[in-house]
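The values are calculated or read from the model by the stated rules, or taken from the named source; none is laboratory data. No experiment lies behind these values; they were computed from the predicted model shown. Counting neighbours? That spans all protein chains shown, and the Cβs are built from the backbone with ideal geometry, glycine included.
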Amino acid sequence: MRTKSLTTKTQRAPGKRSALICDARHGVSTGSGSDRVSGDNKIELASSLTRSLPLPVLTSSLKLGHYPGKGSELLCVLCVFVVCFFAASSAFAQNPPPSIEALKKANPRPAETKPPAEPFAGASVEKMRGQCVTLDTENGAIVIEMLPASAPETVRSFLNLSASGALDTTIFSRVVKGFVIQGGNLSTSEKWGPELAERMSRRLPDEPSDLKHVRGIVSMARPEEPNSATTHFFILVDASPHLDGTFTAFGRVLKGLEVADAINRAPTDGEQPVVPVRIKHATVAACQK
């Protein structure tokens with residue numbers, strides 16, 4: 001019995017493509033057992049899917065229709081595959097992946113926060129006059145009166161250090177018996193980081209005055225190089241006239257000079273205290289005389 005060849009027909013209506021029909025009149029095997037298709041059964045692919053196929057693809061696919069037997073089976077499988085492929089391509093084209101710019105807009109970077117302005121930035125001598133800094137140390141409180149008329153830039157810097165918390169948790173890192181206790185080394189802070197490092201890098205101009213370096217005076221420590229003071233300060237426990245006219249005196253101890261004496265008398269290894277005393281907290285307020 002001769003098997004008729006598979007015939008594949010397309011009809012084109014004006015403005016659209018009609019359905020593609022695979023006609024297997026004498027039996028086309030698409031599987032095994034119950035999957036066999038026979039008689040006039042037709043596998044019709046909906047015209048809504050074939051619309052996505054370009055005409056050249058349909059035309060080239062239809063040319064396989066003259067093959068008998070398994071050729072017709074291959075034709076139907078090929079048509080289904082091609083239709084599915086172009087349907088998926090069409091869906092992908094309608095829903096493209098988001099662009100990098102779209103992702104950036106959907107996930108913007110959080111705005112960078114700037115550090116708060118220093119409370120005494122640009123403060124006048126009048127505003128700074130009568131201000132006191134209290135250093136609450138592990139050994140007790142030391143109250144220092146600011147003297148802005150003698151050293152406005154230095155007083156402004158020390159008030160900002162104290163009010164911003166930069167001096168909190170720092171230690172008195174240098175002690176010279178019968179002479180000074182020195183603090184203001186921000187690298188000894190428990191909060192040490194880039195912000196404090198930047199603050200410690202700022203240099204202050206020398207502001208020598210006629211204020212004498214007597215017991216209880218607070219002055220800025222610096223290397224031999226002029227205008228190189230940063231955040232280090234010292235409290236005199238005895239008169240040191242050799243510092244007059246060279247170092248910047250900017251405050252005097254009103255209360256707690258006995259605390260400075262106790263720190264100065266504590267055991268040291270050279271100029272390093274064996275057990276450094278820490279400044280727990282520094283505050284700024286109007287002086288209470």
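Okay, here's what the table says:
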read-out: Residue list for segment 149-182, restricted to those being among the β-branched types (Val, Ile, Thr) and in a helix (DSSP H, G or I); value: THR154, VAL155
read-out: Residues (acidic (Asp, Glu) and within 19 Å of CYS132 (Cβ to Cβ)) located in segment 206-259; value: GLU258
read-out: Filter result for MET200 (crowded, with 20+ Cβ neighbours inside 10 Å and within 38 Å of the chain's Cα centre (by Cα)); value: no
read-out: Any hit, segment 183-191, residues being free of Cβ contacts under 8 Å to residues at least 24 places away in the same chain, surrounded by 15 or more Cβ atoms within 10 Å (Cβ to Cβ) and within 22 Å of THR283 (Cβ to Cβ); value: yes
read-out: Of the criteria (1) of a type in the set (S, T, N, Q); (2) within 17 Å of ALA163 (Cα to Cα); (3) in a strand (DSSP E or B), which one SER219 fails; value: (2)
read-out: Scope segment 223-253; condition assigned to a loop (DSSP other than H, G, I, E, B) and modelled with pLDDT of 95 or more; matching residues; value: ASN227, SER228, THR230, THR231, HIS232, VAL237, ASP238, ALA239, SER240, ASP244, PHE247, THR248
read-out: Residue in segment 265-279 that is closer than 21 Å to PRO148 by Cα and in the same structural domain as ASP136 (by TED's automatic domain parsing) present; value: no
